[in-house]
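Enquirer: Below is the structure I would like to discuss, written out as structure tokens.
Nothing in this text is a laboratory measurement; each read-out follows from the coordinates by a stated rule. Keep in mind that this is a model prediction, so the values were computed, not measured. As a convention, Cβ positions derive from the backbone with ideal geometry for all residues, glycine included, and neighbour counts pool all protein chains shown.
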Amino acid sequence: MRIDVLTLFPEMFTGPLTESIIKRAREQGRVEIHLWDIRDFAEDKHRITDDYPFGGGAGMVMKAEPVARGLEAVLSAGERAGVPVILLSPQGRLFTQEVAKELAAHPRLVLVCGHYEGIDERVREAGLVTDEISIGDYVLTGGELPAMVIIDAVVRLLPGVLGAPASAVEDSFYHGLLDYPHYTRPAVWRGLAVPEVLLSGNHQAIARWRRKEALRRTLLRRPDLLRRAELSAEDRVILSQLVQEEGVDLKGLLEEG
Ligand code: 4FN
């Protein structure tokens, strides 16, 4: 996959994209990430990319022309078809694991980061962006961190990036649920023991315990996730046990709709 990012602050990306799993994915050629500085597409010798808002008010607005010229440099007219050009924006559809999977299926992505008060609306009106995505409902100073969140979530889904396909299989087994609790050595730490079943060597009992604890956590902390999770008949039995054990009210959360 190739990802192009347009931003006024390309240096914000260097840390997160040059460490750990993303670093290895780039070294292995599984993803190519190109950072473009919008300032390089400014029209004047001072390389101005922002201006005062028409109608007045606080803050600055990113000028349309440098962003448009940047997008045209990244994607020639002939290359545009089928390539998502995504503006990171509070107005976008919410980014979820489903959206990450959808984006991971494309050979190319273009991400555009706003800063200050945002980008001149005519970049959207001119049809230069195909998609707007938001990572959540809070005020940020720019679209750069959201772009990095999307890159992280998408790149780990690319073939070969996580190495062992077993972890992908497990991810899909726990599809839509929170993680079960994890433990590593020592078996007793500061007087706290690891749950016995995990030391039993009984793989079937371990799998049952993990599934139950994943369901317990999801029920207690994120019951909203249960509606969309893939639950087996056995899961539904375990859940009704947990509802009793924990004394919570499911309030029809498992019904469709
Ligand atoms: N944010 C809100 C309402 C009004 C403005 C903002 C806001 C960065 C350029 C956009 C924010 C959050 C998630 C991009 C927020 C995201 C941004 C994102 C983002 C500078 C203009 C701005 C109601 C959501 C609290 C600033 C709500 N995902 N404006 O943050 O780019 O992608």
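Enquirer: Quick one: which residues, 5 or more positions from Val31 or on another chain, have an amide H under 5 Å from its amide H? H modelled 1.01 Å from N in the peptide plane, none for Pro or chain starts.
Expert: It is Arg26, by chain and number.
Enquirer: A further question on this structure: Pick from Leu162, Leu111, Leu225: which is most flexible by mean-square fluctuation in a GNM of the chain where alpha carbon atoms under 10 Å apart are linked?
Expert: Leu225
Enquirer: To continue, here is another question. Calculate for the chain the 222 nm mean residue ellipticity that helices alone would give, adding -39,500 (n - 2.57) per DSSP H run of length 4 or more and normalising by residue count, nearest 500 deg cm²/dmol.
Expert: Calculated at 222 nm, the ellipticity per residue is -10500 deg cm²/dmol.
Enquirer: Whose amide H sits under 5 Å from the amide H of Asp131, counting only residues 5 or more places off or on another chain, with H placed in the peptide plane?
Expert: HN-HN under 5 Å from Asp131: Val85, Leu87.
Enquirer: Put a dot 7 Å past each Cα toward the Cβ at Lys45 and Arg69; how far apart are the dots in nm?
Expert: For Arg69 paired with Lys45, the spin-label model returns 1.5 nm.
Enquirer: Using θ = phi - 60° and the Karplus form 6.51 cos²θ - 1.76 cosθ + 1.60, what ³J(HN,Hα) does each residue of the range 119-132 get, whole Hz, x for Gly and Pro?
Expert: Taking θ as phi minus 60°, the curve returns 9, 2, 4, 5, 4, 6, 4, 6, x, 7, 10, 9, 8, 10 Hz for the range 119-132.
Enquirer: Whole-Hz ³J(HN,Hα) for each residue in the range 94-109, computed from phi via Karplus 6.51 cos²θ - 1.76 cosθ + 1.60 with θ = phi - 60°, x for glycine and proline: what do you get?
Expert: Listing the rounded values in order: 5, 6, 9, 4, 5, 5, 4, 5, 4, 5, 5, 7, 8, x, 9, 9 Hz.
Enquirer: What distance in nm lies between label points placed 7 Å from Cα along the C-beta direction at Asp137 and Arg24?
Expert: In this crude label model, Asp137 to Arg24 measures out at 3.7 nm.
Enquirer: Treat each spin label as a single point 7 Å out from the Cα along the C-beta direction, and report the Asn202 to Glu121 distance in nm.
Expert: Each label point lies 7 Å from its Cα, and together they span 6.5 nm.
Enquirer: On the Cα set of the chain, report Rg and Dmax in Å, please.
Expert: 23.0, 71
Enquirer: I've got another one for you. For the range 43-196, calculate the relative contact order in percent as a whole number, restricting contacts to Cα pairs under 8 Å that are 6 or more residues apart.
Expert: RCO, the range 43-196: 24 percent.
Enquirer: Tell me, what HN-Hα J-couplings in whole Hz come from the Karplus equation 6.51 cos²θ - 1.76 cosθ + 1.60 at θ = phi - 60° for each residue of the range 66-72, using x for Gly and Pro?
Expert: In residue order, the calculated couplings are x, 5, 5, 5, x, 4, 6 Hz.
Enquirer: In the range 5-42, what GluC sites (Glu not before Pro) fall in a loop by DSSP, with at most 13 other Cβ atoms inside 10 Å?
Expert: For GluC sites (Glu not before Pro) across the range 5-42 that sit outside H, G, I, E and B with at most 13 neighbouring Cβ atoms in 10 Å, the list reads Glu19.
Enquirer: Could you bin all the Cα-Cα distances of the range 69-127 into 5 Å bins starting at 0 and give me the percent of pairs in each, rounded to whole numbers?
Expert: Spelled out per bin, shortest first, that is 4, 13, 26, 26, 18, 12, 1.
Enquirer: Counting only DSSP beta bridges with both residues in the range 1-73, tell me the antiparallel percent, nearest 5.
Expert: Counting only bridges with both partners in the range 1-73, antiparallel ones make up about 25 percent.
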